[in-house]
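The values are calculated or read from the model by the stated rules, or taken from the named source; none is laboratory data. As the structure is a prediction and not an experimental result, all values here were calculated from the model. When we count neighbours, we look across all protein chains shown, and the Cβ atoms used for this are built from the backbone with ideal geometry, even at glycine. Each accessible area value is taken on the protein alone, full model and side chains, heavy atoms only, with ligands, DNA and RNA left out. Shrake-Rupley method; radii C 1.70, N 1.55, O 1.52, S 1.80 Å.
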Amino acid sequence: VQLQASGGGLVQAGGSLRLSCAASGGIFSIDTMRWYGQAPGKQRELVAAITSAGTKNYADSVKGRFTISRDNARNTMYLQMNSLKPEDTAVYYCYARVMSRNYWGQGTLVTVSS
């Protein structure tokens, strides 16, 4: 299973970005998918998660600003990031749980300027 994250970039505070994570590799079904963020000099932290049934969870810091979604037919997960703040600057990694195994994407950098 391979995860390909994309959509990062440089944006001004208050702006928006949409991240995508496409899974490939002969996948029958994916259980939980998640986005993690790792800010410079900090540990990787959970940003948002979504189950195969569509149940969503968010870190308190992004509630009301970020929206996680997934397209099960395309094995793709998204993160709509609105009202971005400089403190959202991080490398964002996607994660997928498939057949009881954990998979990570390569990360995509989001930089929010003030």
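Before moving on, here are some points about what is shown:
- Test result for Val112, in a strand (DSSP E or B), more than 15 Å from the chain's Cα centre (by Cα) and in contact (Cβ under 8 Å) with a residue 24 or more places away in the chain: yes
- Against the list (1) closer than 16 Å to Gly7 by Cβ; (2) open to solvent by less than 80 Å² (accessible area, probe 1.4 Å); (3) in a loop (DSSP other than H, G, I, E, B), the condition Arg74 fails is (2).
- Some residue of segment 16-27 being buried (at least 17 other Cβ atoms within 10 Å of the Cβ), under 17 Å from Val112 (Cα atoms), in contact with a Leu (Cβ under 6 Å, 6 or more places away or on another chain) and at pLDDT 95 or above: yes
- Candidates are the residues of segment 30-41 that are in contact (Cβ under 8 Å) with a residue 12 or more places away in the chain and farther than 15 Å from Tyr103 by Cα; the one that is least open to solvent (accessible area, probe 1.4 Å) is Gly37.
- Within segment 48-72, tally of residues that are hydrophobic (A, V, I, L, M, F, W, C) and within 24 Å of Met99 (Cβ to Cβ): 5
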